[in-house]
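The structure appears right after this line, and notes come after that.
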Amino acid sequence: MKDDEDKIFIDFSPNDYIIRLSPFFDEQGDWTGELMVGCITTEDNDVSDDDHYHLMGITQMVCAAVPAIEESEEVRNTLMDIRDRELENQTDEVEKETAKNRIDSVVGNVIKATFH
């Protein structure tokens, strides 16, 4: 288990709105199922106050999805359906891209491939 003092710094654009999920772990290092959910942005964020209000509101609503998932089977099922659809679309895109690229022949250590 990582020491709480270990931090990883990731580059974000100044106007990014970030959702942070911090899991809780037991003595064995296993996730307890509990999360601390929060949202942050950088101190260099320079969007207008009005835009910041709206963007932070959207970010907070996404954070609110975590307890909503626990409380409402309808919300949970809706979000799972959207997630599954998105995963399927991503898989379809990868398969389409892979189909464009193919190995035409292999002779010894020479591979002839077509990339589109």
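The values are calculated or read from the model by the stated rules, or taken from the named source; none is laboratory data. Everything numeric here is computed off the predicted structure, so don't read it as measured data. Note: ideal-geometry Cβ built from the backbone for every residue, glycine included; neighbour counts use all protein chains shown.
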Within region 41-61, residues surrounded by 13 or more Cβ atoms within 10 Å (Cβ to Cβ) and in contact (Cβ under 8 Å) with a residue 24 or more places away in the chain come out as Thr41, Thr42, Asn45, Val47, Leu55, Met56, Thr59
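Of the residues that sit in region 38-96 and are small (Gly, Ala, Ser) and in a helix (DSSP H, G or I), which one is farthest from Arg20 (Cα to Cα)?
We begin by selecting, within region 38-96, every residue small (Gly, Ala, Ser); these are 38, 48, 57, 64-65, 68, 72.
From the residues that got through so far, the ones that are in a helix (DSSP H, G or I) too are 57, 64-65, 68.
Numbers: Gly57: 15, Ala64: 12, Ala65: 13, Ala68: 17 Å.
For region 38-96, the residue satisfying everything is Ala68.
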Arg76 - would you say it is surrounded by 13 or more Cβ atoms within 10 Å (Cβ to Cβ) and at pLDDT below 95? yes
Restricting to region 14-37, give me the number of residues that are hydroxyl-bearing (Ser, Thr, Tyr) and either surrounded by 12 or more Cβ atoms within 10 Å (Cβ to Cβ) or free of Cβ contacts under 8 Å to residues at least 12 places away in the same chain (or both). 2
Just to be sure, is Ala99 outside any strand (DSSP E or B), at pLDDT 90 or above and among the small types (Gly, Ala, Ser)? no
Out of the residues in region 26-36 that are out of contact with any strand residue (DSSP E or B) (no Cβ under 6 Å at 6 or more places or on another chain) and not acidic (Asp, Glu), state the one that is modelled with the lowest pLDDT. Gly33
